[in-house]
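Encoded as structure tokens, the structure appears first; notes follow it.
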Amino acid sequence: MNTKIYQLNQIDEAAAAIQRGELVAFPTETVYGLGADATNEPAVKNVYLAKGRPSDNPLIVHVNSVAMVEKYAAEIPANARKLMAAFWPGSLTIILKIKKGALSKTVTGGLSTVAFRFPDNQPTLDLIGKAGVPIVGPSANTSGKPSPTTAQHVYHDLNGKITGILDDGPTRVGVESTVLDMSTATPVILRPGAVTKQDIEGVIGSIDLNHHKVGKNETPKAPGMKYKHYAPSAQVYIVDEGTDWAKVAKWVAQQPFDVGVMAEERILQQLTLPMNAVQFSLGTGVEDASARLFDGLRGFDDQPNVKAIVTEAFTAKNLGRAYMNRLNKSAGGVHFDPAQVK
Ligand code: TXA
Ligand code: MG
């Protein structure tokens, strides 16, 4: 099978493929998703196979209306309705209790809850509308790799494994949606994203920020958070705020291989880098950096001589919290240590 790239005037064709139970990757404002009809169990199973995703890791169900949520959720609490009104379409995924038997175990990973998301991308909302069913969508990358922010990234990982990719150019936000569990008494953020704790608290009052605290042997709230994630082949080093980048450059020069250097434009412009440095600009500010992070990390996978990547850190608040969550995982928590540079 050769994976087809659907242009925006071919949404009918993409929707027909979804209706036939085939896999079609779709754009969102965050990252590209790997789509299948959420009500078609064999199709959903194929999503796990194509990604190489562990079967206990549930999928997000993408909808184009609150009415569609009502078909599958046991109930929508008043606060969840308020959040939907405030942030949908947008980068907030809301977990609710499932209506018994409404969706297969394959979608929910056997949990009694489902994650719902109303993406801020018109072609994909049209795709859901034309297919007439909710569409499951994990990020459309091979499991463990950084999420795809272009149709080309998806093609790189999944060509031959899926029917097509609906191409809407590069995504705007670049990090995946905020995942908020509203199935419990106190809502909990399971994954930080562009919709921040403050944004949410502005609508429903105080919530718990409990993401990425899952240990190896605990039962995770968001099963996906326990797996190795966002990891390029090269080791990533987090360059903390306030680090002297001249030291970074010196360290790069001492390495026997090429080193990827991911930093804001203003840093790259001032820095004298050695020949074995391969630059990637994160632009200006944390919004640019979030939009570009996965593209940069993925790009270095195509350069086998790059065996290390140093990447600029940002303050972990607001969108910076989501950026640092992804960067930490891609680095496995490893930081650049200026003290080791002689
Ligand atoms: O921005 C996004 O959310 C993208 C785009 C394509 O919409 N999707 C995405 O899906 O990032 P995925 O599958 O890569 O990440 C979904 C996360 C996983 O960590 C998963 O474990 C968690 O959400 N999740 C899904 N359903 C859940 C549930 N019922 N309870 C707890 N966690 C859930
Ligand atoms: Mg993912």
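The table that follows gives values for the structure above.
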| quantity | calculated |
| --- | --- |
| In the range 114-165, residue surrounded by the fewest Cβ atoms within 10 Å (Cβ to Cβ) [restricted to those that are among the hydroxyl-bearing types (S, T, Y) and under 20 Å from the mean Cα position of the chain (by Cα)] | T142 |
| Check on T186, in contact with a Leu (Cβ under 8 Å, 6 or more places away or on another chain), of a type in the set (S, T, Y) and surrounded by fewer than 20 Cβ atoms within 10 Å (Cβ to Cβ) | no |
| Top-ranked residue of the range 41-65 - restricted to ones that are assigned to a helix (DSSP H, G or I) and within 10 Å of ligand 1 (Cβ to nearest atom), ranked as modelled with the highest pLDDT | V47 |
| Subset of the range 47-72 [among the polar types (S, T, N, Q) and buried (at least 19 other Cβ atoms within 10 Å of the Cβ)] | N64 |
| Subset of the range 133-148 [in a loop (DSSP other than H, G, I, E, B), touching a Ser or Thr at 6+ places or on another chain (Cβ under 6 Å) and near ligand 1 (Cβ under 10 Å from one of its atoms)] | N141, S147 |
| Number of the exception - P220 against (1) surrounded by 15 or more Cβ atoms within 10 Å (Cβ to Cβ); (2) at pLDDT 95 or above | (2) |
| Candidates T124, T93 - the one that is within 16 Å of L23 (Cα to Cα), touching a residue at least 24 places away in the same chain (Cβ under 8 Å) and among the hydroxyl-bearing types (S, T, Y) | T124 |
| Some residue of the range 108-126 being within 16 Å of ligand 2 (Cβ to nearest atom), in a strand (DSSP E or B) and either of a type in the set (D, E, K, R) or over 18 Å from D37 (Cβ atoms) (or both) | yes |
| Residue ID - nearest to ligand 2 (Cβ to nearest atom), chosen from residues in the range 193-217 that are part of a loop (DSSP other than H, G, I, E, B) and at pLDDT 95 or above | G193 |
| Residue identified as among the aromatic types (F, W, Y), farther than 16 Å from E241 by Cβ and assigned to a strand (DSSP E or B) among F300, F280 | F280 |
| Selection within the range 1-40 - in a helix (DSSP H, G or I), under 23 Å from T106 (Cα atoms) and not β-branched (V, I, T) | A14, A15, A16, A17, Q19 |
| Subset of the range 241-285 (residues that are among the aromatic types (F, W, Y) and free of Cβ contacts under 8 Å to residues at least 24 places away in the same chain) | F280 |
| Members of the range 18-36 found to be surrounded by fewer than 24 Cβ atoms within 10 Å (Cβ to Cβ) and not basic (K, R), listed by number | Q19, G21, E22, E29 |
| Count - residues of the range 87-107 that are over 24 Å from A194 (Cβ atoms), away from ligand 2 (no atom under 16 Å from the Cβ) and outside any strand (DSSP E or B) | 8 |
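The values are calculated or read from the model by the stated rules, or taken from the named source; none is laboratory data. The structure displayed is predicted, hence computed values, not measured ones. For neighbour counting, all protein chains shown are included, and Cβ atoms are generated from backbone atoms with ideal geometry for every residue, glycine included.
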